[in-house]
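Asks: Could you have a look at this structure, given as structure tokens, before my questions?
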Amino acid sequence: SMGATVIVAHAFGAGNTDGLGLAAKQSTIATLVLSVIISIVVFLFSRPLLVLMGADGDVVDKGTRFQQISAVGFVFMAVMFVLGGALRGVGDTRTPMLVTLATLILSLILAYPLTFGGAGLPALGVFGAGLASTIARALGCVVLLALLARPASAVRIAGRADWRPAAGPLRRLASIGLPSMFEGLFRSAGMLMFTVIVFQLGTAVVAAQQIVQQAAFLSMMPGFGFSMAAMTLVGQSLGANNPTRASRASWFSTRSCLAWMGTMGLVFFFGGPPIMRLFTSDPEIIALGAAALKVIALAQPGQAFGMVLAGSLRGAGDT
């Protein structure tokens, strides 16, 4: 996805319209292969992975079913990432946003009856929640494929040309995408190790951590948006051989992200207990979560700088 955005942004900035579809198609092919492999591995090893993380009993049984049905959706989610990344490369962030929003709304609409029963559907528990997400992701993937196949699309993937894996484009994609992939793997491994520690601290801490993580995403997800904006604008500017505009775009995005995440840091620091009460009435979980939110609040300004400046470097092709 990162490779697709950067390569498309550079091609768009340079006025190379033929390179847009080529980058999108080659990125989609590479993503399909990788995501299918990952999906198979997660599907086959869901149970031992959960046991390795310290889960037991009912958590393992329900978690395994949830993880397996979610693994099926990894392929659709990965293709959505890449196609959305290609559109962001040409500056179209609205279409991926709307498709993602529609996907989330559909997932929520399906999740309730599939999880708790209703509308003629059986109660499937957490497996139903995973099934709802997978169905929604599949439909979102189909919608993005259809949109990019239209003649009017800024990034066109219609036609048979450029679908066969090609060494040159894949090599460039790998040079940008592989470091990003390893960065993501390092981050995921760190979160996995962190989760192992949390599981050792009891159910209340696990519950608090899950709520705090969701609250933190309210700050981080827009931050990722500013990072994506910096990456796209820097890539387009350098593709057009305009480094001055690239620098201005980078720092404007940084200041904007700092304003948002800094504000959210204040909300987390002073509003921890009310935030926790939105999710639970358990006083122990509320106290644990509020304390954690105070610590997370202090990290927001630093994260804002790190996220956006990293996005700027990625836009320059330095992953």
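Asks: Using the C-alpha gyration tensor of segment 164-221, what are the square roots of 5 times its eigenvalues, in whole angstrom, with the largest one first?
Replies: After scaling each eigenvalue by five and taking roots: 36, 14, 8 Å.
Asks: Using a 1.4 angstrom probe, figure out how much accessible area the chain has per residue, in square angstrom, rounded to the nearest whole.
Replies: Per-residue accessible area for the chain comes out at 52 Å².
Asks: Sort out for me the Cα centre separation of segment 114-178 from segment 270-297, rounded to whole Å.
Replies: Cα centres, segment 114-178 to segment 270-297: 36 Å.
Asks: Sticking to Cα atoms, compute the Rg of segment 269-319 to one decimal and its Dmax as the biggest Cα-Cα distance, whole number, in Å.
Replies: In Å, with Rg to one decimal and Dmax whole: 16.2, 48.
Asks: Hey, any idea what the orientation-averaged projected area of the convex hull of segment 233-319's Cα atoms comes to, in nm²?
Replies: So the mean shadow area of the Cα hull is 6.5 nm².
Asks: May I ask for log10 I(q)/I(0) of segment 1-160 at q = 0.10 Å⁻¹, from a Debye sum over the Cα atoms as equal point scatterers with solvent left out?
Replies: Values returned for q = 0.10 Å⁻¹ are -0.44.
Asks: Can you pull a Stokes-Einstein diffusion coefficient for segment 71-123 at 37 °C (0.692 mPa s), Rh from Kirkwood over Cα pairs, as a whole number of µm²/s?
Replies: Here the translational diffusion coefficient equals 259 µm²/s.
Asks: Using a 1.4 angstrom probe on the protein heavy atoms only, line up Glu183, Glu284 by accessible area, largest first.
Replies: The residues order as Glu284, Glu183, largest area first.
Asks: Something else now. Which trypsin sites (Lys or Arg not before Pro) in segment 154-193 pass both tests, a DSSP loop state and at most 14 other beta-carbon atoms within 10 Å?
Replies: Answer in residue order: Arg160.
Asks: Given 10 Å bins starting at zero, what is the percent of C-alpha pairs of segment 20-89 in each, up to the one with the largest pair distance?
Replies: 21, 37, 24, 15, 3
Asks: Just the ratio, please: alpha-carbon radius of gyration of segment 171-319 over 2.2 N^0.38 Å, N its number of residues.
Replies: Segment 171-319 yields a ratio of 1.22.
Asks: At 222 nm, what helix-only mean residue ellipticity would the chain give, in deg cm²/dmol to the nearest 500, using -39500 (n - 2.57) for each DSSP H run of four or more?
Replies: -29500 deg cm²/dmol
Asks: First compute the accessible area of segment 173-309 with a 1.4 Å probe, then give the percent of it belonging to carbon and sulfur atoms.
Replies: Carbon with sulfur: 74 percent of the solvent-accessible area.
Asks: Using packing as a proxy for protection, rank 203-216, 138-151 so that the peptide with the highest average count of other Cβ atoms within 10 Å comes first.
Replies: Averaged packing, sorted descending, gives the order 203-216, 138-151.
Asks: Give me the mean projected area, in nm² to one decimal, of the convex hull enclosing the Cα positions of the chain.
Replies: 17.3 nm²
Asks: To continue, here is another question. Please list the non-local residues whose amide H lies under 5 Å from the amide H of Leu121, H modeled 1.01 Å from N, same-chain partners needing a gap of 5 or more.
Replies: none
The values are calculated or read from the model by the stated rules, or taken from the named source; none is laboratory data. Everything quoted here is computed from the prediction, not taken from an experiment. All Cβ positions, glycine included, derive from the backbone under ideal geometry; neighbour counts span all protein chains shown. For the accessible areas, the whole protein counts, side chains as well, though only heavy atoms, and no ligand, DNA or RNA atoms are used. Shrake-Rupley method; radii C 1.70, N 1.55, O 1.52, S 1.80 Å.
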